[in-house]
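The structure appears below as structure tokens.
The values are calculated or read from the model by the stated rules, or taken from the named source; none is laboratory data. Remember, predicted model here, so these are calculated numbers, not experimental data. Don't worry about glycine lacking a Cβ; one is built from the backbone with ideal geometry, like all the others, and counts go over all protein chains shown. Areas reflect the complete protein model, heavy atoms only, side chains present, ligands, DNA and RNA absent. Shrake-Rupley method; radii C 1.70, N 1.55, O 1.52, S 1.80 Å.
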Amino acid sequence: HEADAYRTDLMTITRFVLNEQSKYPESRGDFTILLSNIVLGCKFVCSAVNKAGLAKLIGLAGETNIQAEQKKLDVLSNDVFVKALVSSGRTSVLVSEEDEEATLVESSKRGKYCVVFDPLDGSSNIDCGVSIGTIFGIYTMSHNDEPTTEDVLKPGHEMVAAGYCMYGSSCMLVLSTGTGVNGFTLDPSLGEFILTHPDIKIPKKGNIYSVNEGNAQNWDGPTTKYVEKCKFPKDGSPAKSLRYVGSMVADVHRTLLYGGIFLYPADKKSPNGKLRVLYEVFPMSFLMEQAGGQAFTGKKRALDLVPEKIHERSPIFLGSYEDVEEIKALYAADE
Ligand code: P6P
């Protein structure tokens, strides 16, 4: 009857976080309130993304330019997250991929957390039904003065939590609050995220590499050498498989569960790579380290980066510990 027991012991994300927070006697439930507002945003986006295709269909029948509606999905998602986070009364600074400037919360609504997020990463993939996602990272304020962007221009290792929600065949929220990584799947009939992947650990080594090979002509030496090694191993080991969705949440989620390495290297055209430090590189690097993997920028541990601008980019190599070690060795040899 093991299965029956499991089915009745529904561990929702809220209960799970409350259990975790109860270990800190001084916690006043602020984080749980913050998280419940992030979860609300994810449920909204999940429902909107799933209807997007249908809306497109209806759009064809109606006169509105559904394409414009489609495009707005990332703006709509951003509005929902900003409003939910501000109204939670638990945040002071918000940085979103969608907003050029940070949101500094008005004093009556301020709280001790700062949230950096990409409300709908990979949204260019919506039209073809590819999985997309929300990525977020959470810092705490270190003072009670006026909040500024300085409060989020901190190294990623100072984050207290990070996670992503992937809108795919199922809606899955992967979260770490610094004591490991757990995966929760949305049960639409309950409207609850249920713990389905407790204590996720990434395999120490994988046989998948994930990179946009279309940029190969612009790569530097170490990346070129590493990808060459994946395709034509010299030590007689089998060649790796290439899996590249082009949506970071989908590529990182597969890497976390199956192992392997995800690369978005610097190239001649973009010397800092393409992915954003605060709300793509840091949250995914935080999760990888918490799951026993690692994340490297080509020069240093990704979480040790100190961003100077809120939309700054960085090259990133993340995934199975041993796979990232190999590319670190190639960069070290290249110095
Ligand atoms: P490229 C999506 O546009 C995104 O921001 C990430 O989700 C994804 O990993 C990357 O860009 C894909 O970039 O240059 O390979 O198309």
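Considering (1) of a type in the set (Phe, Trp, Tyr); (2) within 16 Å of the ligand (Cβ to nearest atom); (3) more than 30 Å from SER237 (Cβ to Cβ); (4) touching an Asp or Glu at 6+ places or on another chain (Cβ under 9 Å), the lone condition that TYR167 does not fulfil carries the number (4).
If the condition is being open to solvent by less than 50 Å² (accessible area, probe 1.4 Å) and touching a Pro at 6+ places or on another chain (Cβ under 7 Å), then region 303-316 contributes LEU303, LEU305, PRO315. Of all the criteria given as (1) within 12 Å of the ligand (Cβ to nearest atom); (2) among the hydroxyl-bearing types (Ser, Thr, Tyr); (3) touching a residue at least 60 places away in the same chain (Cβ under 8 Å), the one not satisfied by TYR113 is (1). For region 184-218, residues that are surrounded by fewer than 17 Cβ atoms within 10 Å (Cβ to Cβ), free of Cβ contacts under 8 Å to residues at least 60 places away in the same chain and either within 16 Å of the ligand (Cβ to nearest atom) or of a type in the set (D, E, K, R) (or both) total 8. Taking region 240-262 as the range and being more than 10 Å from the ligand (Cβ to nearest atom) and assigned to a strand (DSSP E or B) as the test, the residues that pass are SER241, LEU242, ILE261. For beta carbons closer than 6 Å, sequence separation of 6+ or different chains, a first residue in region 74-91 that is at positive phi and a second that is outside any loop (DSSP other than H, G, I, E, B) and of a type outside the set (Val, Ile, Thr), the qualifying pairs are GLY89/LYS109; GLY89/GLY111. TYR139 satisfies every condition listed in (1) outside any loop (DSSP other than H, G, I, E, B); (2) in contact (Cβ under 8 Å) with a residue 60 or more places away in the chain except (2). A search for C-beta distances below 6 Å between a residue of region 270-295 that is within 22 Å of GLU213 (Cα to Cα) and free of Cβ contacts under 8 Å to residues at least 60 places away in the same chain and any residue that is within 15 Å of the ligand (Cβ to nearest atom) and open to solvent by 10 Å² or more (accessible area, probe 1.4 Å), counting only pairs 6+ apart in sequence or on different chains, returns ASN272/ARG313; GLY273/TYR264; GLY273/ALA266; GLY273/ARG313; GLY273/PRO315; LYS274/TYR264; LEU275/TYR264. Could we say that GLY221 is surrounded by fewer than 16 Cβ atoms within 10 Å (Cβ to Cβ), over 22 Å from LEU120 (Cα atoms) and within 11 Å of the ligand (Cβ to nearest atom) here? So GLY221 fails the test.
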